[in-house]
Amino acid sequence: MKKLEERIQKDGVVKEGNVLKVDSFLNHQMDVELFNEMGKEFKRLFQDAPINKILTIEASGIGIACIVAQSFHVPVVFAKKAQSINIDGEVFSSKVESFTHKRVYDVIVSKKYLSPEDHVLVIDDFLANGCAVMGLIELIKSSGATLEGVGIAVEKGFQEGGRMIREQGIHLESLAIVESMDAATGKIQFREQ
């Protein structure tokens, strides 16, 4: 998606350790107009799938997932990174390692919100090593729901997550795929799509 790539070039900041900061428009402060365009693009890319639920993970994916859900006219469920007193009853659980935070989370979804009748589209802001997406896929499998695809705003194409997911035959669409980035120069190269 050219508009997203241009915004990353303009406002993204490359940091040491393969970190791409896009917090000024994607995952801290959010550009809702850009999100609207992203929602329309995900709707176009997954229009043939019988999606009735969007699944994301706390917290950065929630904003994008909500806008995507508007395009599909379906609810959003987000996997929580901590058990809370607000979640009553049984839950599906999986372990997820965060690339950014360098820690492992137990993520949970109430069994009330994922069932074998659901056709799920996973949405997230970033795909690096694929741990978050694989954790969400594990939750979907545990519930008996059908995974219809995975939509990612920004994929780091030089890391293994995208390849690993595609090799499993999963329909993965990333709106911007970063092929390389250099912290010293700030230069970001995108994969042609």
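Label-to-label distance, V32 versus K2, with points set 7 angstrom from Cα along the beta-carbon direction: 2.7 nm. Where the centre of each part is set by its Cα atoms, how far does the stretch 96-145 sit from the stretch 43-66, in angstrom? The distance from the Cα centre of the stretch 96-145 to that of the stretch 43-66 comes to 12 Å.
Using R0 = 25 Å, the C-beta based FRET efficiency linking E58 and Q168 works out to 0.55.
Note on the chain: GNM, Cα springs under 10 Å; of I54, I170, I123, the largest mean-square fluctuation is that of I170. Approximating the spin labels as points 7 Å out from Cα along Cα→Cβ, the K112-to-Q193 distance works out to 3.6 nm.
Our helix-only sum for the chain, with -39,500 (n - 2.57) per DSSP H run of n ≥ 4 divided by its residues, gives a mean residue ellipticity at 222 nm of -9000 deg cm²/dmol.
Which residue, Q168, G186, S115, has the largest displacement toward the positive end of the dipole of the stretch 100-191 when charges sit on each Cβ (Lys, Arg +1; Asp, Glu -1)? Farthest towards the positive end: G186.
Beta bridges per DSSP, both residues in the chain: antiparallel share near 40 percent.
Relative to the longest principal axis of the Cα atoms of the chain, helix 32-45 runs at roughly 70 degrees. Past the 28 Å Cα-Cα mark, which pairs from K10/K81; K43/K80; K95/K187; K53/K187; K2/K43; K102/K141? Those over the limit are K10/K81; K95/K187; K53/K187.
Each value in this text was obtained by applying a stated rule to the coordinates, not by laboratory testing. On a predicted model such as this, the values are computed, not experimentally measured, just so you know. So basically every Cβ, Gly included, is an ideal-geometry build from the backbone, and we count neighbours across all protein chains shown.
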